[in-house]
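Following: one structure in structure tokens, then a few remarks.
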Amino acid sequence: MLIKENQQESRKEWMLWMFKRAGFKNSNVKGSQFWQQHNKPIELWSNEVIQQKIDYIHNNPVVSGFVSEPYHWKYSSATNYADEFSVIKIEKIL
């Protein structure tokens, strides 16, 4: 697992614990679980709904207390929307 081998990842013990805990809670998993196993599609039927979902995704690291602004999260598309330098190039939809 790349997280376990990454010397620069300061949160690896916590992340590995979270993945193991998620796997323990799911009888279909024999070890760690990385992805959620559900499919709850959300219809994006208007620009307002699309913007709401984009804002929700961008604000997750802020709500979790990892950063103070959405565009401070290194791999967030919020940097693109804030016209900041981004390590990941995206095509803005709104």
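The values are calculated or read from the model by the stated rules, or taken from the named source; none is laboratory data. As the structure is a prediction and not an experimental result, all values here were calculated from the model. With ideal geometry, Cβ positions are generated from the backbone for all residues, glycine too; neighbour counts draw on all protein chains shown.
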(request) Report whether or not residue 80 is outside any loop (DSSP other than H, G, I, E, B) and either more than 23 Å from residue 13 (Cα to Cα) or in contact with a Cys (Cβ under 8 Å, 6 or more places away or on another chain) (or both). (result) yes
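Matching residues to (1) without any contact (Cβ under 8 Å) to a residue 12 or more places away in the chain; (2) closer than 25 Å to residue 88 by Cβ; (3) touching a Cys at 6+ places or on another chain (Cβ under 9 Å):
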position: 7; (1), (2), (3): yes, yes, no
position: 19; (1), (2), (3): no, yes, no
position: 24; (1), (2), (3): yes, no, no
position: 60; (1), (2), (3): yes, yes, no
position: 65; (1), (2), (3): yes, yes, no
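Quick one: in region 31-64, which of the residues that are exposed (fewer than 11 other Cβ atoms within 10 Å of the Cβ) and either among the hydroxyl-bearing types (Ser, Thr, Tyr) or modelled with pLDDT of 95 or more (or both) is nearest to residue 21 (Cα to Cα)?
To start, the set of residues in region 31-64 that are exposed (fewer than 11 other Cβ atoms within 10 Å of the Cβ) comprises 31, 35-43, 45-48, 56, 63-64.
Going one step further and asking which of them are either among the hydroxyl-bearing types (Ser, Thr, Tyr) or modelled with pLDDT of 95 or more (or both), we end up with 46-48, 56, 63-64.
On the way: 46: 37, 47: 37, 48: 36, 56: 25, 63: 22, 64: 19 Å.
If we take residues in region 31-64 being exposed (fewer than 11 other Cβ atoms within 10 Å of the Cβ) and either among the hydroxyl-bearing types (Ser, Thr, Tyr) or modelled with pLDDT of 95 or more (or both), then 64 is nearest to residue 21 (Cα to Cα).
Pick out the one residue from 42, 50, 57, 3 that is in a helix (DSSP H, G or I) and either in contact with an Asp or Glu (Cβ under 6 Å, 6 or more places away or on another chain) or over 25 Å from residue 84 (Cβ atoms) (or both). So that I can check it myself, show each step before the final result.
Working: 42 fails: in a helix (DSSP H, G or I); 50 fails: either in contact with an Asp or Glu (Cβ under 6 Å, 6 or more places away or on another chain) or over 25 Å from residue 84 (Cβ atoms) (or both); 57 fails: either in contact with an Asp or Glu (Cβ under 6 Å, 6 or more places away or on another chain) or over 25 Å from residue 84 (Cβ atoms) (or both).
So the residue among 42, 50, 57, 3 that is in a helix (DSSP H, G or I) and either in contact with an Asp or Glu (Cβ under 6 Å, 6 or more places away or on another chain) or over 25 Å from residue 84 (Cβ atoms) (or both) is 3.
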(message) The conditions are (1) at pLDDT 90 or above; (2) surrounded by 13 or more Cβ atoms within 10 Å (Cβ to Cβ); (3) not in a helix (DSSP H, G or I), and residue 9 fails exactly one of them. Which is it?
(response) (1)
